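Undergrad: Got a structure for you, questions after.
The values are calculated or read from the model by the stated rules, or taken from the named source; none is laboratory data. If you're wondering where the values come from, they're calculated on a predicted model, not measured in any experiment. Cβ sites come from the backbone with ideal geometry, for glycine too, and all protein chains shown count toward neighbours. The area values use the complete protein model at the heavy-atom level, side chains included, leaving out ligands, DNA and RNA. Shrake-Rupley method; radii C 1.70, N 1.55, O 1.52, S 1.80 Å.
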Amino acid sequence: MSDYYVGKKEYFPKIGKIKYEGPKSANPLAFKYYNAEKKVGKKMMKDHLRFAVAYWHSFCADGSDPFGAATQLRPWTANARKPMEAATNKIEAAFEFFSKLGVNFYCFHDRDMAPEGATPAESEKNLFTMVRKAKRLQRATKVKLLWGTANLFTHPRYMNGAATNPDFGVVALAATQVKAAIDATIELGGLGYTFWGGREGYMSLLNTDLQKEKDHLARFLIMARDYARKQGFKGVFYIEPKPMEPTKHQYDYDTETVIGFLRHYGLAKDFRLNIEANHAELAGHDFVHELETAAAAGFLGSVDANRGDAMNGWDTDQFPISYYETALAMYAILKAGGFTAGGLNFDSKIRRNSVDPADLFIAHIGGMDAFAVGLEVAHRIISDGKIPALVKKRYASFKKDDGAKFDRGQMTLTQLAAIGTKAGYGKTGLTSGKQEYLENILNQYLLGL
Ligand code: XUL
Ligand code: CO
């Protein structure tokens, strides 16, 4: 028996199971650093990293962009006569890919998996036909669903938003999709359900009642949460922040904004954040800033792993390759205790001119290797302890005496000022932040030293 799964037809016949061959390997179809069963600290790499493949980028996208037609004519869609036949081929190709690559999770939107029908009832029927197939394939491959979601942004009816649409009729149609996508997620044992606010934002304030739209978004999320919990969903709800694109301004701008929103509307208990690297960059933040901000407030849930291009301001969704970025990201994730329900979902797409079937594998291999290196470096930072110790030392004055009293909120401004007056200026505050020293240590860790 082969060590990977193939359906009725093999879609990647020239590619077998991707194996770990080590850093010196010249084989483009082998892992150089990701060694699934290797222990890093107390857990194996695969359990730290919990990689997921994004169904939409890898199995639905065809390379078309606003300037040109499809370049990636995939056999699973090109040879199908009907949309449901294409959907069936696609799901078989996808699970063959997951199995050969050796990832344990995937993520999907309702419309990635099944085409919209002529009526909401037909759309739901299509989705559930595919959910039954997905369930069989999950069993055969042991691949699990990290999270499901609904596509509330592609169809023209959502051009003015979904939950925040000024037309109640559209809000109700969005509900048909979210209700069915939650049912599908539950049926597939999904560990999470994600809301990325596709077109939940505005293009112009001249035609927008901003407060009403935000209230409607919260109302919709409360309804979805209540429905899912009633149906027995035990997983985590995620909001995926993004500041712009496709709308000029999206309500889920960044992590801090979303945390404020969740707390304000009483959603903090059920919702966590799904942080995407490229979205962080669009918001003017580093990926690690968003991760640390979420973690600090107890809202870190899952990650959409990708990278942007610092030279331009759009969501390029490239595969992550920077060890520096993955090291800092994994440091933030390990410090927060690691993933529980979440994982690293490659919300990344190959470039339009990467037309070889092998490119899909090579891109994921690079991303997985990059996060494996990041994990090792992050573990090194923690186990060596120099960097955490310096951070601790910086705040040592709050550990005892008056500093500790201030920290615990047991001091008035008058008392605090009296301490300052008594101490006087002297050299207080002129302590080095040691940034360059820490950056140099990190570079040594990056080289495995
Ligand atoms: C869009 C984006 C989405 C979400 C899921 O920028 O990241 O693919 O991850 O809807
Ligand atoms: Co995403």
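Undergrad: Are any of the residues in the range 297-309 more than 27 Å from L334 (Cβ to Cβ), surrounded by 20 or more Cβ atoms within 10 Å (Cβ to Cβ) and hydroxyl-bearing (S, T, Y)?
TA: No, the range 297-309 contains no residue that is more than 27 Å from L334 (Cβ to Cβ), surrounded by 20 or more Cβ atoms within 10 Å (Cβ to Cβ) and hydroxyl-bearing (S, T, Y).
Undergrad: Right, next: Please verify whether A86 is assigned to a helix (DSSP H, G or I), more than 17 Å from S348 (Cβ to Cβ) and of a type in the set (G, A, S), treating the condition exactly as stated. Give the steps one after another, and end with the answer.
TA: Values: assigned to a helix (DSSP H, G or I): yes; more than 17 Å from S348 (Cβ to Cβ): yes; of a type in the set (G, A, S): yes.
Considered against the rule, which asks whether it is assigned to a helix (DSSP H, G or I), more than 17 Å from S348 (Cβ to Cβ) and of a type in the set (G, A, S), A86 comes out as yes.
Undergrad: Take the residues in the range 440-449 that are surrounded by 10 or more Cβ atoms within 10 Å (Cβ to Cβ) and not polar (S, T, N, Q); name whichever of them is nearest to Y323 (Cα to Cα).
TA: By that ranking, first place goes to L446.
Undergrad: Ok, one more. Taking the options A87, A114, name whichever one is free of Cβ contacts under 8 Å to residues at least 40 places away in the same chain and among the small types (G, A, S). Walk me through it before giving the result.
TA: Values: A87 fails: free of Cβ contacts under 8 Å to residues at least 40 places away in the same chain.
Result of the check over A87, A114: A114.
Undergrad: Which residue is most open to solvent (accessible area, probe 1.4 Å), if the candidates are limited to the range 313-328 and must be away from ligand 1 (no atom under 16 Å from the Cβ) and in a loop (DSSP other than H, G, I, E, B)?
TA: I321
Undergrad: Which residue out of R199, R229 is touching a Pro at 6+ places or on another chain (Cβ under 8 Å) and open to solvent by 60 Å² or more (accessible area, probe 1.4 Å)?
TA: Just a single option satisfies the conditions, and that option is R199.
Undergrad: Of all residues in the range 195-247, which are outside any helix (DSSP H, G or I), more than 24 Å from the chain's Cα centre (by Cα) and acidic (D, E)?
TA: Across the range 195-247, the qualifying residue is only D209.
Undergrad: Next question. Tell me the residue from I259, I239 that is open to solvent by less than 60 Å² (accessible area, probe 1.4 Å) and more than 15 Å from ligand 2 (Cβ to nearest atom), please.
TA: I259
Undergrad: Based on this model, can you work out whether T154 counts as more than 16 Å from ligand 2 (Cβ to nearest atom) and more than 21 Å from G192 (Cβ to Cβ)?
TA: Taking the combined requirement at face value, the residue does not satisfy it.
Undergrad: Which ones in the range 27-57 are part of a loop (DSSP other than H, G, I, E, B) and either within 20 Å of L360 (Cβ to Cβ) or open to solvent by less than 60 Å² (accessible area, probe 1.4 Å) (or both)?
TA: N27, P28, L29, K32, Y33, Y34, N35, A36, G41, R50
Undergrad: Which members of the range 116-136 meet the condition of being of a type in the set (D, E, K, R), within 27 Å of the chain's Cα centre (by Cα) and outside any loop (DSSP other than H, G, I, E, B)? Break it down stepwise before answering.
TA: Initially, the range 116-136 is screened for residues of a type in the set (D, E, K, R), giving 116, 122, 124-125, 132-133, 135-136.
Within this subset, residues satisfying the condition of being within 27 Å of the chain's Cα centre (by Cα) are 116, 124, 132-133, 135-136.
Within the range 116-136, E124, R132, K133, K135, R136 meet the criteria.
Undergrad: Here's something else I'd like to know. Could you check the range 267-286 and list, in sequence order, the residues that are farther than 12 Å from A310 by Cα, open to solvent by 50 Å² or more (accessible area, probe 1.4 Å) and part of a loop (DSSP other than H, G, I, E, B)?
TA: Of everything in the range 267-286, just one residue is farther than 12 Å from A310 by Cα, open to solvent by 50 Å² or more (accessible area, probe 1.4 Å) and part of a loop (DSSP other than H, G, I, E, B), namely K269.
Undergrad: Quick one: would you say D62 is surrounded by 13 or more Cβ atoms within 10 Å (Cβ to Cβ), without any contact (Cβ under 8 Å) to a residue 24 or more places away in the chain and within 19 Å of the chain's Cα centre (by Cα)? Give the steps one after another, and end with the answer.
TA: Values: surrounded by 13 or more Cβ atoms within 10 Å (Cβ to Cβ): yes; without any contact (Cβ under 8 Å) to a residue 24 or more places away in the chain: yes; within 19 Å of the chain's Cα centre (by Cα): no.
No; evaluated as a whole, the condition is false for this residue.
Undergrad: Turning to a different aspect of this structure: Please specify each residue of the range 262-281 satisfying the condition of being under 16 Å from the mean Cα position of the chain (by Cα) and either away from ligand 2 (no atom under 16 Å from the Cβ) or not polar (S, T, N, Q) (or both).
TA: Quick first cut of the range 262-281, residues under 16 Å from the mean Cα position of the chain (by Cα) only: 271-281.
If the condition is that a residue be under 16 Å from the mean Cα position of the chain (by Cα) and either away from ligand 2 (no atom under 16 Å from the Cβ) or not polar (S, T, N, Q) (or both), then F271, R272, L273, I275, E276, A277, H279, A280, E281 are the ones that fit.
Undergrad: How do the helices (runs of 4 or more DSSP H) wholly within the range 353-433 filter down when requiring 2 or more residues that are surrounded by 11 or more Cβ atoms within 10 Å (Cβ to Cβ) and under 36 Å from the mean Cα position of the chain (by Cα): which remain?
TA: Here the list reads 357-384, 386-394.
Undergrad: Which of the residues that make up the range 1-26 are closer than 18 Å to H364 by Cα, charged (D, E, K, R) and touching a residue at least 40 places away in the same chain (Cβ under 8 Å)?
TA: K14, K17
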